[in-house]
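Engineer: First the structure, which I've put down as structure tokens, then a few questions once you've had a look.
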Amino acid sequence: MSETVTEAPAKPAKTNGKPALSEGKKAERRLALLLCAPAVLVILAVAAWPIIYSIWLSLQRYDMRFPEERQFIGFDNYVAVLSNSYWWTAFGTTMFLTVVSVLIELVLGMALALIMHRTLLARGTIRTVSLIPYGIVTVAAAFSWYYAWTPDVGYLANLLAEGAPLTEQWPSLFIIILAEVWKTTPFMALLLMAGLALVPDDLLKAAAMDGANAWQRFVKVMVPVMKPAILVALLFRTLDAFRIFDNIFVLTGGQNDTSSVSMITYNNLIQGLNLGIGSTMSVLIFIAVALIALIFIKVFGTAAPGSDQGGKR
């Protein structure tokens, strides 16, 4: 009696511990690279090259009023900026405006999102009216706030007994925060409302049957389910708020220690024509924004946008 021996199918050869790709897979990868190449080239042209050129300018003494004095000076511009109290005052002002405005927007945005999500009558009208401030151009809205707080002209300034609030530091900062909150709270509410849509009604009904009141259902059920949407909203608004420029430019012009880092960068780069110092400040803002995004991803782990299950990028 003879036995039939069946050979096992040959396993694909491994390259560096990974299975070797078939010819079909290799062709698919080549096609994918060719299709992605135009988009990558455009991104390199409009995003990567300006960043690289700004870094190169930041390493030079380059004042357009004295172009003959242009020379490579290494990190001297960074030492000059980081040792200047004017930069750190603007940085502290920017952080204050960012933290306070984003926290207020989170609370008001959540309340507005709940109203828009739960309302039964005129739902479309309420959502449209709520989003009107976000549809107004920031500069136009800032001028309306400016005239409202101008003495003898504005209806808000006339409510005060005396004084011009936009000529003092702290009143100016709170008016800037008010303008930011009024403008961008609808955007925060829009992002949070997308998170509210993810909360299952059955889960809320089960919690209610277990005796949870409205506040307990909100804290114990809704917020955990909405956590990814909340973090996306916080990340987007924090990065946007840190680059605040329009409202400060219109309302105070950066007077009375109300300048942000974007404002003093504009003053050096555009008004002062100092490309070296201005580019240095631009690079520092870029690094700060990147660090904020990195902190969000590392601190909040898997719930942060762009993270995997292990909490890593």
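Engineer: Arrange the residues 130, 144 by how much accessible surface each exposes, largest first, with a 1.4 angstrom probe. Working shown, then result.
Structural biologist: Values: 130 20, 144 65 Å².
Sorted descending by solvent-accessible area, the residues read 144, 130.
Engineer: Further question: Can you tell me the alpha carbon radius of gyration of region 84-142 divided by the globular rule-of-thumb value 2.2 N^0.38 Å?
Structural biologist: Numbers: Rg = 16.7 Å, N = 59, 2.2 N^0.38 = 10.4 Å.
So region 84-142 has a normalised radius of gyration of 1.61.
Engineer: Ok, one more. From the gyration tensor of the Cα coordinates in region 26-94, what semi-axes in whole Å does the equivalent ellipsoid have, largest first, with each one equal to sqrt(5λ)? Provide the component values of the computation, followed by the final result.
Structural biologist: Values: eigenvalues 298, 64, 21 Å².
Semi-axes from the Cα gyration tensor: 39, 18, 10 Å.
Engineer: Quick one: how many Å² of residue 198 are accessible to a 1.4 Å probe, rounded to 10?
Structural biologist: Spelled out: residue 198, probe radius 1.4 Å, area about 120 Å².
Engineer: Which residue, 215, 226, 185, has the largest displacement toward the positive end of the dipole of the chain when charges sit on each Cβ (Lys, Arg +1; Asp, Glu -1)?
Structural biologist: Of the listed residues, the answer is 226.
Engineer: Next up: Using only the C-alpha atoms of region 183-227, find the volume of their convex hull and express it per residue in Å³.
Structural biologist: Working: hull volume 2.9 nm³, N = 45.
Each residue corresponds to 65 Å³ of Cα convex hull volume.
Engineer: Using 0.36 nm times the number of residues separating residue 161 and residue 39, minus their current alpha carbon distance, what extension gain do you get? Walk me through the numbers on the way to the answer.
Structural biologist: Numbers: separation 122, 0.36 × 122 = 43.92 nm, distance 5.85 nm.
Here the segment from residue 161 to residue 39 would lengthen by 38.1 nm.
Engineer: Additional query: Ranked highest first by average number of other Cβ atoms within 10 Å, how do 208-215, 231-238 line up?
Structural biologist: Numbers: 208-215: 10.0, 231-238: 20.2.
Highest to lowest by the protection proxy: 231-238, 208-215.
Engineer: If you don't mind, there's one more thing I want to ask. Give the peptides 81-88, 184-191, 217-224 in descending order of average Cβ contacts within 10 Å, highest first.
Structural biologist: 184-191, 217-224, 81-88
Engineer: With the cut-off at 32 Å, report for the chain the share of all Cα pairs above it, as a whole percent.
Structural biologist: Working: 24644 of 48828 pairs.
Distances greater than 32 Å cover 50 percent of the Cα pairs.
Engineer: Round to the nearest 10 and report in Å² the accessible area of residue 178, as given by a 1.4 Å probe over the protein chains' heavy atoms.
Structural biologist: Rounded to the nearest 10, that gives 70 Å².
The values are calculated or read from the model by the stated rules, or taken from the named source; none is laboratory data. All of these numbers come straight from a predicted model, not from anything done at the bench. Neighbour counts are summed over all protein chains in view; Cβ atoms, including those assigned to glycine, are modelled from backbone coordinates with ideal geometry. All accessible areas refer to the heavy atoms of the entire protein, side chains included, with ligands and DNA or RNA removed. Shrake-Rupley method; radii C 1.70, N 1.55, O 1.52, S 1.80 Å.
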